[in-house]
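Presented below is the structure to which this report refers.
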Amino acid sequence: MESTKISLIRKAPENYRGDLLVYCLHQDEKEKLVMGSTLATKELKKAVALGDFKGKESDLLHIYPQGTGRKKVLAGRILFLGLGKLDGCSQSDLRERFRKAGGSIAAKAAALNAEKICLCLPDISLVPGEVVGECLVEGILLGDYRFLKYKKKETKDPSFTGIKGLGVHAAGGEKGIRRGLSRALHSAYAARAARDMANEPGNGWTPQSFAAYAQELAVKHNMKCTVFDKSHMKRLKMGGILAVNQGSAEPPKMVILEYKTLKKKAQTILIVGKGLTFDSGGVSLKPAAKMEEMKYDMCGGAAALSAMGVVGEEKPDVNVVAIIPATDNMSGSSALKPGDIICHYGGITSEIINTDAEGRLILADALAYGINKFNPTCVVDLATLTGAVILGLGHHRTGLLGNSQELVDRLLLAGENCGELLWQLPLDKEYGEQIDSDVADIKNTGGRPAGTITAAAYLQKFVDDTPWAHLDIAGTAWNFTEKTYIPKGPSGTGVRTLVDLIRNWKKFQG
Ligand code: BES
Ligand code: MN
Ligand code: ZN
């Protein structure tokens, strides 16, 4: 998809000659509309008098400018969007309100075929203009997403392929607005990149695709990329990812991307993302219904790698390393079998009960290797790990578990800031006992009860006492709660949580 050209507009918005000029209006405490006295808002007066537009959240009205001569708005249409009442909202509520408004603008632009739009930033006393601009534009760019690569023609709206030009008009504070816009641009395009990877089918996005994408990022942003192939994994005794890959004709890759800050004595964040490019279940085969959705089993890896794109752009004062163990899970004649015993990187042995519990096997090697190699300050992993998290939390929140409350709290806050909500689950040692094996150190399933927690307990065996948190995104990576700025299909969840965590990094106490 072509990217949107974003520009700051200094001249009067009335003179903007695009397809759509957008104003956002909110209500005061008494639910009265807060209106400016610009030429455009004068055009709204009649609708307000008739009660057609009240400024309630997601109220939308578009009109065709009627003025004449010098008193004419030059854009093809004016769109008025209600933000509702803002008093009493928390900062994160407000951010979400603006993102959702942005999503509504994108949807309206598509419906009206408006390729050139101008957004007039509302002046809101509760929030700096920089944040208003950031969240509105982030919402627009996240909402204005479509995956058309494999379609000859988009059947629904044949000519509209996305917003081409987005002008942003703000009253003052140019520097701050630019900063906000650049943040919005980076995080929205990163989430869209993750969605693109996820939308690719299993035969379109392979482990090698992760490797190639990481190498591109490394060249673009001067980072270091290392890719382990199968023989290298054998030398390192990465028995987990090798076992999962055994039944496949597609070679596995362990993709490592390192960003190093110039700052001395910086801390290091390690991110590990599950890059399972297709999960058939292996010999413990999944049912056929909806199996095609298992092409999304790489969304953790997609989030990790896409977030690294933002790291490359913004160069934070903290080192960040991403590792993506990538393979598919197939049932070829040499496939892993229930009952087999494997040996992970670092020496822990594991009895395979169910070959469909493969995510933890590839993550275990990546976690153990990453911690051993990079001695990180903390580790965050993201994975579409368990169906059980959908039973517990539905599609509304990501499951969050960890051994460090400090890290867990930072992630909860990051999720709230960016509108990707998380929910912490417990991780008492009793859950770990569910994966004790009679014949090996551990086994790869803990039975039906607490499936999300026992999966995390498996991972915990590989992080020792390094502060670690695990995001189970199986419920949120696709079919996420409908939001104006999250279209159906893959959501790109996790990307913006990671970006927020990294942007707001302060020395970790541990
Ligand atoms: N990738 C799946 C988890 C999943 C299931 C994600 C449904 C999204 C929707 C994972 O590899 C898996 O198959 N997990 C099993 C584990 C079980 C065998 C212990 C599961 O959740 O059923
Ligand atoms: Mn599986
Ligand atoms: Zn899986």
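Restricting attention to the stretch 202-214, which residues are outside any helix (DSSP H, G or I) and either open to solvent by 40 Å² or more (accessible area, probe 1.4 Å) or aromatic (Phe, Trp, Tyr) (or both)?
Once the filter is applied, which keeps residues that are outside any helix (DSSP H, G or I) and either open to solvent by 40 Å² or more (accessible area, probe 1.4 Å) or aromatic (Phe, Trp, Tyr) (or both), the stretch 202-214 yields Asn203, Trp205.
Taking the condition of being open to solvent by 20 Å² or more (accessible area, probe 1.4 Å) and not in a loop (DSSP other than H, G, I, E, B), how many residues in the stretch 423-468 meet it? The qualifying residues number 9.
Yes/no per residue for (1) within 16 Å of ligand 3 (Cβ to nearest atom); (2) within 20 Å of Leu407 (Cβ to Cβ); (3) in the same structural domain as Asn403 (by TED's automatic domain parsing):
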position	(1), (2), (3)
Leu336	yes, no, yes
Ile342	no, no, yes
Ile348	no, no, yes
Ala364	yes, yes, yes
Ala368	no, yes, yes
Val379	no, yes, yes
Thr384	yes, no, yes
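Could you identify the single residue in Ala307, Ala322, Ala364 that is more than 16 Å from ligand 2 (Cβ to nearest atom), assigned to a helix (DSSP H, G or I) and of a type in the set (Gly, Ala, Ser)? Walk me through it before giving the result.
On the way: Ala322 fails: assigned to a helix (DSSP H, G or I); Ala364 fails: more than 16 Å from ligand 2 (Cβ to nearest atom).
None of the others qualify; the one that does is Ala307.
In the set (1) part of a loop (DSSP other than H, G, I, E, B); (2) polar (S, T, N, Q); (3) under 23 Å from Val131 (Cβ atoms), the condition left unmet by Ser92 is number (1). Filtered by the rule that a residue be part of a helix (DSSP H, G or I) and either at positive phi or touching a helix residue (DSSP H, G or I) at 6+ places or on another chain (Cβ under 8 Å) (or both), the stretch 220-243 gives Lys220, His221, Lys230, Met233, Lys234, Gly239, Gly240, Ile241, Leu242, Ala243.
Looking across the stretch 469-492, the residues that are within 14 Å of the chain's Cα centre (by Cα), open to solvent by 10 Å² or more (accessible area, probe 1.4 Å) and of a type in the set (S, T, N, Q) come down to Asn479, Thr481. Within the stretch 318-344, restricting attention to residues that are closer than 26 Å to Tyr296 by Cα, under 32 Å from the mean Cα position of the chain (by Cα) and not hydrophobic (A, V, I, L, M, F, W, C), the residue that is surrounded by the fewest Cβ atoms within 10 Å (Cβ to Cβ) is Ser331.
Among residues of the stretch 317-339 that are under 18 Å from Ala357 (Cβ atoms), those with a Cβ under 7 angstrom from a residue that is open to solvent by 20 Å² or more (accessible area, probe 1.4 Å) and among the charged types (D, E, K, R), sequence gap 6+ or separate chain, pair up as Ala326/Lys253; Asp328/Glu250. The set of residues in the stretch 367-381 that are crowded, with 24+ Cβ neighbours inside 10 Å, among the aliphatic types (A, V, I, L, M) and in a helix (DSSP H, G or I) contains only Leu367. Within the set Phe53, Phe98, the sole residue that is out of contact with any strand residue (DSSP E or B) (no Cβ under 6 Å at 6 or more places or on another chain) and in contact (Cβ under 8 Å) with a residue 12 or more places away in the chain turns out to be Phe98. Would the stretch 238-251 turn up any residue that is open to solvent by 10 Å² or more (accessible area, probe 1.4 Å) and under 20 Å from the mean Cα position of the chain (by Cα)? No, that holds for no residue.
Does Glu313 satisfy the criteria of being within 15 Å of ligand 2 (Cβ to nearest atom), acidic (Asp, Glu) and part of a helix (DSSP H, G or I)? Criteria not met by Glu313.
The condition (being assigned to a helix (DSSP H, G or I), more than 16 Å from ligand 2 (Cβ to nearest atom), closer than 17 Å to Val320 by Cα and touching a Gly at 6+ places or on another chain (Cβ under 7 Å)) is satisfied by just one residue among Leu270, Leu217: Leu217.
Okay, residues lined up against (1) hydrophobic (A, V, I, L, M, F, W, C); (2) touching a residue at least 24 places away in the same chain (Cβ under 8 Å); (3) assigned by TED's automatic domain parsing to the domain that holds Ile473; (4) closer than 20 Å to Gly347 by Cα:
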| residue | (1), (2), (3), (4) |
| --- | --- |
| Ser404 | no, yes, yes, no |
| Leu407 | yes, yes, yes, no |
| Gly446 | no, no, yes, no |
| Thr452 | no, yes, yes, no |
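Against the test of being out of contact with any Phe, Trp or Tyr (no Cβ under 8 Å at 6 or more places or on another chain), more than 15 Å from ligand 1 (Cβ to nearest atom) and closer than 21 Å to Met233 by Cβ, the options Ile341, Ile348 yield a single qualifying residue, Ile341. Within the stretch 350-358, at least one residue is modelled with pLDDT of 95 or more, in contact with a helix residue (DSSP H, G or I) (Cβ under 6 Å, 6 or more places away or on another chain) and within 16 Å of ligand 2 (Cβ to nearest atom). Taken over the stretch 167-181, the criterion of being in contact (Cβ under 8 Å) with a residue 60 or more places away in the chain and either part of a helix (DSSP H, G or I) or charged (D, E, K, R) (or both) is satisfied by Glu174, Ile177, Arg178, Leu181. Contact list please: Cβ distance under 8 Å, first residue in the stretch 272-285 and within 23 Å of Leu305 (Cα to Cα) and away from ligand 1 (no atom under 11 Å from the Cβ), second residue of a type in the set (Asp, Glu) and not in a loop (DSSP other than H, G, I, E, B), pairs at least six apart or on different chains. Pairs that qualify, where the first residue is within 23 Å of Leu305 (Cα to Cα) and away from ligand 1 (no atom under 11 Å from the Cβ) and the partner is of a type in the set (Asp, Glu) and not in a loop (DSSP other than H, G, I, E, B), are Val272/Asp381; Gly273/Asp381; Thr277/Asp297; Thr277/Asp328.
Tell me whether the stretch 112-126 contains one or more residues that are open to solvent by 30 Å² or more (accessible area, probe 1.4 Å), part of a helix (DSSP H, G or I) and under 20 Å from Met35 (Cβ atoms). Taking every residue of the stretch 112-126 in turn, none turns out to be open to solvent by 30 Å² or more (accessible area, probe 1.4 Å), part of a helix (DSSP H, G or I) and under 20 Å from Met35 (Cβ atoms).
Of all the criteria given as (1) open to solvent by less than 30 Å² (accessible area, probe 1.4 Å); (2) out of contact with any Cys (no Cβ under 9 Å at 6 or more places or on another chain); (3) farther than 21 Å from Ser333 by Cα; (4) within 12 Å of ligand 2 (Cβ to nearest atom), the one not satisfied by Ser280 is (3). Screening the candidates Tyr259, Tyr296 for the property of being touching a residue at least 40 places away in the same chain (Cβ under 8 Å), within 15 Å of ligand 1 (Cβ to nearest atom) and open to solvent by less than 40 Å² (accessible area, probe 1.4 Å) yields one hit, Tyr296.
The values are calculated or read from the model by the stated rules, or taken from the named source; none is laboratory data. Keep in mind the model is a prediction, meaning the values are calculated, not measured. Backbone-built Cβ (ideal geometry, glycine too); neighbour counts: all protein chains shown. Side chains are part of the model used for accessible areas, which takes the heavy atoms of the whole protein and leaves out ligands, DNA and RNA. Shrake-Rupley method; radii C 1.70, N 1.55, O 1.52, S 1.80 Å.
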